[in-house]
Amino acid sequence: MLKILAIVVVVLIAAVLIYASTKPDTFRVQRSASITASPEKIFPLINDLHSFNAWNPYAKKDPNAKGSYSGPASGKGAAHAFEGNKDVGTGNIEILESSPSSTVTMALNMLSPFEAHNVVEFTLEPAGETTTVTWAIHGPMTFMSKVMCLFFDMDSMVGKDFEKGLSDLKATAET
């Protein structure tokens, strides 16, 4: 009986691992919000990491997190290193590209709770009296990430944080 149970467990684990291997090698999560403000008003709230962290939901998950800024005050080369609780982790974010009032591209390098190297993109598209702001993250999916995503929905988890952040950005930009 014990031998049959062990075989069933091994087969189930193998099935999960095989199924995980069929998942895509990359991921992308994005959310958008319509903000009643010009791109020129919104852009500095993203392009300056001090301003970014005032509405960034990840910066709010650990009020005791340690952080430091380096590089220019804003734009390409501006960087923020952080170390926080399990909800924040340890890593850094750096602005790679910055096109005034239209896009900001960042590198997000997480060291813990797991290592990950992803790209974060913000796009601002004017639409009459409003601006559509899209916040996206994309990057490679390691095999372990593929396995984890069988049990956790990354789009829902990260998406909720992006929705909260865009709501806070909207409140800040519309004042």
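Numerical summary
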quantity: Spherically averaged projected area of the range 56-115 from its Cα convex hull (nm²); calculated: 4.2 nm²
quantity: Order of 55, 135 - criterion: other Cβ atoms within 10 Å of each residue's Cβ, fewest first; calculated: 55, 135
quantity: Per residue, the convex hull volume that the Cα atoms of the range 1-64 enclose (Å³); calculated: 187 Å³
quantity: HN-Hα J in Hz across the range 57-66 - Karplus 6.51, -1.76, 1.60, θ = phi - 60°, x for Gly and Pro; calculated: x, 5, 5, 8, 6, 9, x, 9, 4, 9
quantity: Cβ-based exposure ranking for 106, 141, 154, in which fewest neighbours within 10 Å come first; calculated: 154, 141, 106
quantity: Residue exposure sequence - 155, 48 - by fewest surrounding Cβ within 10 Å; calculated: 155, 48
quantity: Theoretical ellipticity at 222 nm over the chain - DSSP helices of four or more residues, -39500 (n - 2.57) apiece, nearest 500; calculated: -11500 deg cm²/dmol
quantity: Three-way shape label, the range 86-175, alpha-carbon gyration tensor, a/c 1.5; calculated: prolate
quantity: Assigned charges on the beta-carbon of Lys, Arg, Asp, Glu; the chain dipole about Cα centre (debye); calculated: 580 debye
quantity: Leading residue at positive end of dipole, the chain (Cβ point charges), from 5, 147, 36; calculated: 5
quantity: Under the Karplus curve 6.51 cos²θ - 1.76 cosθ + 1.60, θ = phi - 60°, whole-Hz ³J(HN,Hα) for the range 107-113, x wherever Gly or Pro sits; calculated: 9, 10, 10, 9, 9, 8, x
quantity: Residues with amide H under 5 Å from that of residue 90, placed H, sequence gap 5 or more; calculated: 84, 111, 112
quantity: Inter-label distance for residue 109 and residue 150, nm, one decimal - labels placed 7 Å from Cα along Cα-to-Cβ; calculated: 3.2 nm
quantity: Volume per residue that the Cα convex hull of the range 26-173 spans, once the total is divided by residue count, Å³; calculated: 98 Å³
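Taken together, the values in this text are just the output of simple stated rules run on the coordinates, not laboratory data. As the structure is a prediction and not an experimental result, all values here were calculated from the model. Neighbour counts run over all protein chains shown; Cβ positions are idealised from the backbone, glycine included.
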